[in-house]
Structure formats: C-alpha cells, structure tokens
Amino acid sequence: MTTSDAALIYHTNYIRNSRAVGVLWGIFTICYAIIAVVVLIQPYWIGDTVNTPAAGHFGLYSRCLGYGISGEVECSSDSIFTGDRGTWWIAATVCAGLSTLLILTSICCMLLFFFVNTARVYKICAWQQVIAAISLLVTILIYPVGWDTGDVKTLCASGSYDLGTCEIRWAYILAIIGVFDAGILAILAFILASRQDKLLPEHLYHPEMHGHKGKIRNNPPHIQQ
C-alpha cells in the first residue's frame, strides 16, 4: 500500500466517523429540544408532600392546587406578567423560554448543512447550545427565589431557597439534566467543527472520492503534444 493509498483510506475513515458522530449529535440535539419543551410547559417543578395542608404542584407559569372539600387538583396557566408569581419567576420563565427557543433554532440551523460550510454550521449551533445551557442554568438558580410568594408560600410555608413542607419534582430534576445535556452537545459541536477544519482540501481528490472510489492526484495530468 502506497502512502497515497494510506492517506486516502485515513481521510475516508475520518470523514465517515465525523459524519456518524454528527448524526448522533443531531439526534441528541432533538432529544434535548424535547426535554426543553417538557421542562417549560410541565407544572411539576415543585409539589406537595404528606405534610402540606392541601394538594398542589407548580411549574414555571402554571400551578395546580387542590383547595376545598373535595381536594380535587385544578390547574391554571396565568400570563407570566400577571398574578402573584413575582419578578423572579417571570425571569425564570423568560430564561427557560429563551433556552427552548435557542435549541429549537439550532435544529432549524441544521438545514444550513446543505448550503453553508459544515464547520461554520457546527459553530453556530454550538454557540446557540452554550447560551441555551446558560439560560436554563439561570432558570434553575433563580426559580427558588420566588418560593416565598403567593400560593407557593401558602401551600408550602416556604421561603427563598427553602421549600418548607414541599419537595422538588421531576421537571426540576429534568431541567438540571438538561443543563449538562446542552453543555455536552455544545462541546461536541465545537469538536466536530474543529474536525471539519482539519479535513484535507477537497481539491486534492477526484470528485468521485466521495463515493470512496477516488484516488489522490499524485501526478499532474498528462499533456498531449
């Protein structure tokens, strides 16, 4: 096997592996988008326990309470700019919404793979995922500040960063997982972008090389006299 053949095989395998990892990155990005949407809309960030006076649970912009004789839980979704939710919960909702919007936008940006340099698209998506991770992290950090307002305080006897008689529910935990997920996806996107930058120039290969049948142009074309 000549050096040229070895270089071609290495280059072909390099491209194949990069594309395989890129496909996995795209799939997991879609999975994270689902997580982001669920975290945003589900009212299961915090909730009641056996020690609370009534049943109830809360999300970012929705609340479900079970006051009354029947104790039946009824959910309502108020505008984030009304009600007694407080400034911190409004900020948390906006940050979570921004995170969700950015990750959905990064999925739309995948269409740019057909029109723009691959490394550039990875970098665009990576920065969107970085900001999405930071936004969701801010949501997680400031959401507990609003535990001392309105129905949360009434139900849980809670204060800022103190849940009182309530407990954290699965949507809050899912949001924490989402931060790590978005961060890992962003790092992977940057790595994929750097791998694309390291690819050998395509003009060194025949066009049919993309079908894994080409050869490196070792010699200049023969010129007929």
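Bear in mind these aren't lab numbers, they're just calculated from the coordinates by the rules spelled out. Predicted model, so just to flag it, every value in this text is computed and none were measured. In this analysis, Cβ positions are derived from the backbone assuming ideal geometry, glycine residues included, and neighbour counts consider all displayed protein chains.
Annotation for the range 131-150 versus the range 103-122: alpha-carbon center distance of 29 Å.
P(r) tail, the range 134-195: Cα-Cα pairs separated by more than 20 Å, 43% of all pairs. Placing one equal scatterer on every Cα of the range 51-189 and applying the Debye formula, the log10 ratio I(q)/I(0) at q = 0.14, 0.19 Å⁻¹ is -0.70, -1.04. Projecting label points 7 angstrom from Cα along Cα→Cβ for LEU141 and ARG19 puts them 4.2 nm apart.
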